[in-house]
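Engineer: Okay, here's the structure, questions in a sec.
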Amino acid sequence: MRRTLLLMVLAIPILAELTYQKPPQEILDILNAPAPPVLGVNPPRTYATLSQIQRYPSIAEVSRPMLRLAGLRIDPPTNGLHLAPSSISITLVKLSDATRIPVSLPASARVSGLRWSPDGKQFAFANTTATSIDLWIGDPSTGKTRKIENVELNTILGDPINWLPDNHTLLVRAVPAARGPAPAEPAVPTGPRVQESDGHAGPVPTYEDMLQTPHDEDLFEYYATAQLVSIDTGNITVTPIGKPGLLDEVNVSPDGKDLLIARLHRPFSYLHPAGEFPKEVEVWDAGGSLVYKVASLPLPARVPLGGVPTGPRQIRWMANQPATIFWVEALDGGNPKEKVPNRDRMLAIRAPFQGQPEEIFKTGERFAGIQFGTNFALVEDLHRVTKLVRTFEIDPSKPNAAGKLIWSRNQQDRYKDPGRPVEKRQVPRTFFGGGGGDSTLLQSGESILLTGAGASPQGDRPFLDRFNIASGQTDRLFHCPEDKYESVEAVLDDQGSRFITRRESPSDAPNFYLHTGTSEIALTDFKDPAPQLRRIKKELVTYKRADGVPLSFELYLPPDYKSGTRLPAVVWAYPREYNDADTAGQVSGSSKRFTMISGYSELFFLLDGYAVLENVAMPVVGTIDVVNNTYVEQIVADSKAAIDKAAEMGVIDPNRVGVGGHSYGAFMTANLLAHCNLFRAGIAESGAYNRTLTPFGFQSERRSFWEAQDTYLRMSPFMFADKIKTPILLVHGEADDNTGTFPIQTERMYAAIRGNGGTVRLVFLPNEAHGYRAKETIEHLLWEKFSWFDKYVKHAEPQQTRTD
């Protein structure tokens, strides 16, 4: 970073003294408007939770010291994850009468991991303070809460809170009570750092934040080690279970009698993240004694590109059995290029875990997921090349019986998506996830419920269906109206007659509604937080690429736009790969949604007088093994088609168009500026520009650099930095945590463009990760983006020619 700052000082000295800037007040007013809450529902579906998330932490919070270890970012004072998502307030809604009950939270609350007891009569949550993560429990009937004293949670390796089926016992991962101080860094090294390979291929993605020294190993082990304890919430008795360890997974059997535990152990890896470290997977009884050894899993050091490890994976409880362990094993050595009749098999063993596991089903292609009904399971497999995803109904009680094909479609075909089966457990998206596979499907007789986006050529129209597994008959229970956008957020009974939707329209703010089958009750009444945005016009636009591939974008026009006016424009996009033109051209999104702008969104350009082409389709079409061979040509064709269509509509000035994107969209932006003359300027946020630095694949590319050198080089805009004469703003978080997008990618790209006489500005954002969080950062970035495009797009000199 010091080298980068030196370059910046030499090029433009004032940059070294630049302080955080702010955009105009109109932008700040919208930026600071309250965000809508997140909805959740408790297990018996008697209460809903409305959680207000923390929107923009301060740069001081973002800059808290952290340890970057084994792919994790650890906040040492709290023994939790750095900047973990949290809520600042929670309101309960009693679903029988829509009564609202505020939850009494501690001062300066930062709440996460809210978990309900199975009977819905208690809830527990984690609250992060400056020095610890505390455990609290609450009573939904009153909203009152209380702290469990002398228990500090350890959230490093996942969700620390589980309820046992008895409704009064919590199972939590806690900081060991007497662990002592953190290990001190040696003043003098004890020896060199050494890594060695035994000659077997072991391709690994370019992960961030890996362990680097023996001291890193000691720190990781210190902070990630947790003591499993049970807590009786009646008399607050705390009982240790087993010994402290690196508890990667803790899952309770459906009958509550056994625990499925995954423990990480040394030797650790300097190339792989913590989740891939060697581990012991075991079944413990309630007292912590070993009942059954499921597997000893080594480091997955020899997994082929696009492949899976050999040995057990996806280990979990069967949700529809009292205590049955289920897992998947590869039949092709984990290698997707091997030609075999079956790629995976599923095995299971039931309590008391004696004898050999039974093989229950084989999948023709790679196992892709499982959901459990009361007496059946739905199993998915996925073909790597064709993207064909199939769903089979199987009976796990009949080992290796033939499965019944339920659905088969191209995974990317949104128009034919039947929807996702609804499970009983419905948890807010911002809270910690569970162990997976720990909830059965909502089921009535032979029927299950499906929810989906309802994609169509006219845009998304979400739905709720009842599907009969035996007959294949589908009954539509709810379909989003044509003039609104309304999605099913939670289903409240097995028949699908009671459910909660989130409804919005271009003029109506999002609100939640309870549908009872005979009536509709408004659960919330949120007002428009930014009325000035209602004057924005938006439209879903469809068109075709020169080769006939159908495309679309969402056109946004600024407030009070006058018809016939040609505006400077912003094209913002993210390329995606598709097997065929039909799926590539499918419409996504909806023009019926309520426009809200937050963060460093490109839609803020609307308030600066630009037209914005949002969600611009940038498909790259071809089979997975060769799709990127024509990447550059296709994104140029995509861009030209979008600009030509908007110009044909008379809403943009085709000679004043800027392009931008984040991550892979930044990579796209640099490539477009290197290979065409369609744009006047670009903004590239947190990109990777030299693919030789991600040599074992990226995005959907599954060939290594040594298998497709020409493609890697042609796709790398760094190799064409001398061609980038269009002004480009390069932005990157100093602490990027995303695989492959190391900050050095942007540092070197800046040096290459500058060294070849290009117009370029480099903005490194202190302490920010791949996505930017701090309020000061976001304000400043908006100021940078407006300044750049105003100078080089809005007020650009006339362009004599525009060619591709």
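The values are calculated or read from the model by the stated rules, or taken from the named source; none is laboratory data. Note that the coordinates shown come from a computational prediction; the quantities given were computed from them, not determined experimentally. Cβ atoms come from the backbone with ideal geometry, glycine included; neighbour counts cover every protein chain shown. Remember, those area values only see protein heavy atoms, side chains included, never the ligands or the DNA or RNA. Shrake-Rupley method; radii C 1.70, N 1.55, O 1.52, S 1.80 Å.
Engineer: Among ALA130, ALA84, ALA107, which is over 23 Å from PRO43 (Cβ atoms) and free of Cβ contacts under 8 Å to residues at least 12 places away in the same chain?
Structural biologist: Exactly one of ALA130, ALA84, ALA107 is over 23 Å from PRO43 (Cβ atoms) and free of Cβ contacts under 8 Å to residues at least 12 places away in the same chain, namely ALA107.
Engineer: Additional query: Checking the conditions here, which among LEU477, LEU514 is in contact with a strand residue (DSSP E or B) (Cβ under 6 Å, 6 or more places away or on another chain) and farther than 19 Å from SER51 by Cβ? Explain how you work it out, then say what you get.
Structural biologist: On the way: LEU514 fails: farther than 19 Å from SER51 by Cβ.
Result: LEU477 is the single residue among LEU477, LEU514 that is in contact with a strand residue (DSSP E or B) (Cβ under 6 Å, 6 or more places away or on another chain) and farther than 19 Å from SER51 by Cβ.
Engineer: Moving to a separate point now. When ALA201 is evaluated against the numbered criteria (1) open to solvent by less than 60 Å² (accessible area, probe 1.4 Å); (2) in contact (Cβ under 8 Å) with a residue 60 or more places away in the chain, which criterion, by number, is the only one it fails?
Structural biologist: For ALA201, the failing item is (1).
Engineer: Which of (1) surrounded by fewer than 13 Cβ atoms within 10 Å (Cβ to Cβ); (2) under 28 Å from the mean Cα position of the chain (by Cα); (3) not in a loop (DSSP other than H, G, I, E, B) does TRP136 not meet, given it meets every other one?
Structural biologist: The one condition TRP136 does not meet is (1).
Engineer: In the list GLU779, GLU784, GLU701, which residue meets the criterion of being acidic (Asp, Glu), open to solvent by less than 20 Å² (accessible area, probe 1.4 Å) and within 30 Å of THR623 (Cβ to Cβ)? I'd like the intermediate steps shown before the answer.
Structural biologist: Details: GLU779 fails: within 30 Å of THR623 (Cβ to Cβ); GLU784 fails: within 30 Å of THR623 (Cβ to Cβ).
Among GLU779, GLU784, GLU701, only GLU701 is acidic (Asp, Glu), open to solvent by less than 20 Å² (accessible area, probe 1.4 Å) and within 30 Å of THR623 (Cβ to Cβ).
Engineer: Search the range 733-751 for residues being in contact with a helix residue (DSSP H, G or I) (Cβ under 9 Å, 6 or more places away or on another chain) and acidic (Asp, Glu), and hand back the single one that is most open to solvent (accessible area, probe 1.4 Å). Break it down into steps so the answer makes sense when it comes.
Structural biologist: In the first step, residues of the range 733-751 are kept if they are in contact with a helix residue (DSSP H, G or I) (Cβ under 9 Å, 6 or more places away or on another chain); the result is 733-736, 740-751.
Okay, now just the ones that are also acidic (Asp, Glu), so 734, 736, 747.
On the way: GLU734: 63, ASP736: 0, GLU747: 14 Å².
Here the answer is GLU734.
Engineer: Is at least one residue of the range 640-660 among the acidic types (Asp, Glu) and out of contact with any Pro (no Cβ under 7 Å at 6 or more places or on another chain)?
Structural biologist: yes
Engineer: Consider GLN321 carefully, then state whether it is over 29 Å from HIS383 (Cβ atoms), open to solvent by 50 Å² or more (accessible area, probe 1.4 Å) and either modelled with pLDDT of 95 or more or part of a strand (DSSP E or B) (or both).
Structural biologist: yes
Engineer: Tell me whether the range 660-667 contains one or more residues that are open to solvent by 10 Å² or more (accessible area, probe 1.4 Å), of a type in the set (S, T, N, Q) and in a loop (DSSP other than H, G, I, E, B).
Structural biologist: In the first step, residues of the range 660-667 are kept if they are open to solvent by 10 Å² or more (accessible area, probe 1.4 Å); the result is 662-663.
Now drop any that are not of a type in the set (S, T, N, Q), which leaves 663.
Retained after the next criterion (residues that are in a loop (DSSP other than H, G, I, E, B)): 663.
Yes: one or more hits.
Engineer: What residue, among those in the range 589-642 that are of a type in the set (S, T, N, Q), touching a Leu at 6+ places or on another chain (Cβ under 6 Å) and assigned to a loop (DSSP other than H, G, I, E, B), is most open to solvent (accessible area, probe 1.4 Å)?
Structural biologist: It comes out as SER591.
Engineer: For a quick check of your reading: which strands (runs of 3 or more DSSP E) sit entirely within the range 214-284 and have at least 2 residues that are open to solvent by 10 Å² or more (accessible area, probe 1.4 Å) and among the hydroxyl-bearing types (Ser, Thr, Tyr)?
Structural biologist: 237-252
Engineer: Given the conditions (1) part of a strand (DSSP E or B); (2) open to solvent by less than 30 Å² (accessible area, probe 1.4 Å); (3) over 27 Å from GLU208 (Cα atoms), which single one is not true for GLY113?
Structural biologist: Failing condition for GLY113: (3).
Engineer: Given LEU39, LEU31, LEU50, which one is buried (at least 20 other Cβ atoms within 10 Å of the Cβ), touching a Phe, Trp or Tyr at 6+ places or on another chain (Cβ under 7 Å) and among the hydrophobic types (A, V, I, L, M, F, W, C)?
Structural biologist: After applying the criteria, what remains is LEU39.
Engineer: Looking only at residues that are open to solvent by 40 Å² or more (accessible area, probe 1.4 Å) and not hydrophobic (A, V, I, L, M, F, W, C) in the range 381-391, which one is nearest to GLU423 (Cα to Cα)?
Structural biologist: Looking at the filtered set, the residue picked out is ARG390.
Engineer: Exactly one condition in (1) open to solvent by 10 Å² or more (accessible area, probe 1.4 Å); (2) under 21 Å from the mean Cα position of the chain (by Cα); (3) more than 30 Å from ASP29 (Cα to Cα) is false for ARG773; which is it?
Structural biologist: Just one mismatch for ARG773, condition (3).
Engineer: Any chance you could count how many residues in the range 100-130 are hydroxyl-bearing (Ser, Thr, Tyr) and within 24 Å of LYS424 (Cβ to Cβ)?
Structural biologist: Residues meeting the conditions: 2.
Engineer: Further, regarding this structure: Quick check on the range 326-373: of everything there that is of a type in the set (Val, Ile, Thr) and more than 16 Å from VAL303 (Cα to Cα), which residue is surrounded by the fewest Cβ atoms within 10 Å (Cβ to Cβ)?
Structural biologist: Here the answer is VAL340.
Engineer: Moving on. Taking the residues in the range 293-303 that are open to solvent by 40 Å² or more (accessible area, probe 1.4 Å) and of a type outside the set (Gly, Ala, Ser) as candidates, determine which candidate is modelled with the lowest pLDDT.
Structural biologist: ARG302
Engineer: Within the range 129-182, which residues are closer than 24 Å to VAL93 by Cα and among the hydroxyl-bearing types (Ser, Thr, Tyr)?
Structural biologist: Answer for the range 129-182, where residues must be closer than 24 Å to VAL93 by Cα and among the hydroxyl-bearing types (Ser, Thr, Tyr): SER141, THR142, THR145.
Engineer: While we're here: Do you know which residues across the range 493-524 are assigned to a strand (DSSP E or B), touching a residue at least 12 places away in the same chain (Cβ under 8 Å) and more than 27 Å from ILE536 (Cβ to Cβ)?
Structural biologist: Answer for the range 493-524, where residues must be assigned to a strand (DSSP E or B), touching a residue at least 12 places away in the same chain (Cβ under 8 Å) and more than 27 Å from ILE536 (Cβ to Cβ): PHE499, ILE500, LEU514, HIS515, ILE521.
Engineer: Test of understanding: among SER132, SER117, SER112, SER141, which residue is under 16 Å from VAL229 (Cβ atoms), in contact with a strand residue (DSSP E or B) (Cβ under 8 Å, 6 or more places away or on another chain) and small (Gly, Ala, Ser)?
Structural biologist: From the options SER132, SER117, SER112, SER141, the qualifying one is SER132.
Table: residues versus (1) farther than 18 Å from LYS592 by Cα; (2) at pLDDT 95 or above; (3) in contact with a Gly (Cβ under 7 Å, 6 or more places away or on another chain).
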| site | (1), (2), (3) |
| --- | --- |
| ASP508 | no, yes, no |
| HIS515 | yes, yes, no |
| SER519 | yes, no, no |
| TYR543 | yes, yes, no |
| ASP547 | yes, yes, no |
| SER552 | no, yes, no |
| LEU557 | no, yes, no |
| LYS562 | yes, yes, no |
| VAL570 | yes, yes, yes |
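Engineer: Any chance you could count how many residues in the range 453-492 are polar (S, T, N, Q) and in contact (Cβ under 8 Å) with a residue 40 or more places away in the chain? First the steps, then the outcome.
Structural biologist: Our first condition is that a residue be polar (S, T, N, Q); within the range 453-492, this holds for 456, 458, 468, 471, 473-474, 487.
From the residues that got through so far, the ones that are in contact (Cβ under 8 Å) with a residue 40 or more places away in the chain too are 456, 458, 474.
Looking only at that region, the number is 3.
Engineer: Hey, among SER456, SER439, SER397, SER444, which residue is farther than 30 Å from LYS592 by Cβ and modelled with pLDDT of 95 or more?
Structural biologist: Exactly one residue qualifies, and that residue is SER444.
Engineer: Continuing with the same structure: Being open to solvent by 40 Å² or more (accessible area, probe 1.4 Å) and of a type outside the set (D, E, K, R) is the filter here; which residues of the range 752-770 pass it?
Structural biologist: Scanning the range 752-770 gives GLY755, ASN756, GLY757, THR759, PRO766, ASN767.
Engineer: Return yes when ILE101 is surrounded by 15 or more Cβ atoms within 10 Å (Cβ to Cβ), hydrophobic (A, V, I, L, M, F, W, C), part of a strand (DSSP E or B) and out of contact with any Pro (no Cβ under 9 Å at 6 or more places or on another chain) and no when it is not.
Structural biologist: Values: surrounded by 15 or more Cβ atoms within 10 Å (Cβ to Cβ): yes; hydrophobic (A, V, I, L, M, F, W, C): yes; part of a strand (DSSP E or B): yes; out of contact with any Pro (no Cβ under 9 Å at 6 or more places or on another chain): no.
No; evaluated as a whole, the condition is false for this residue.
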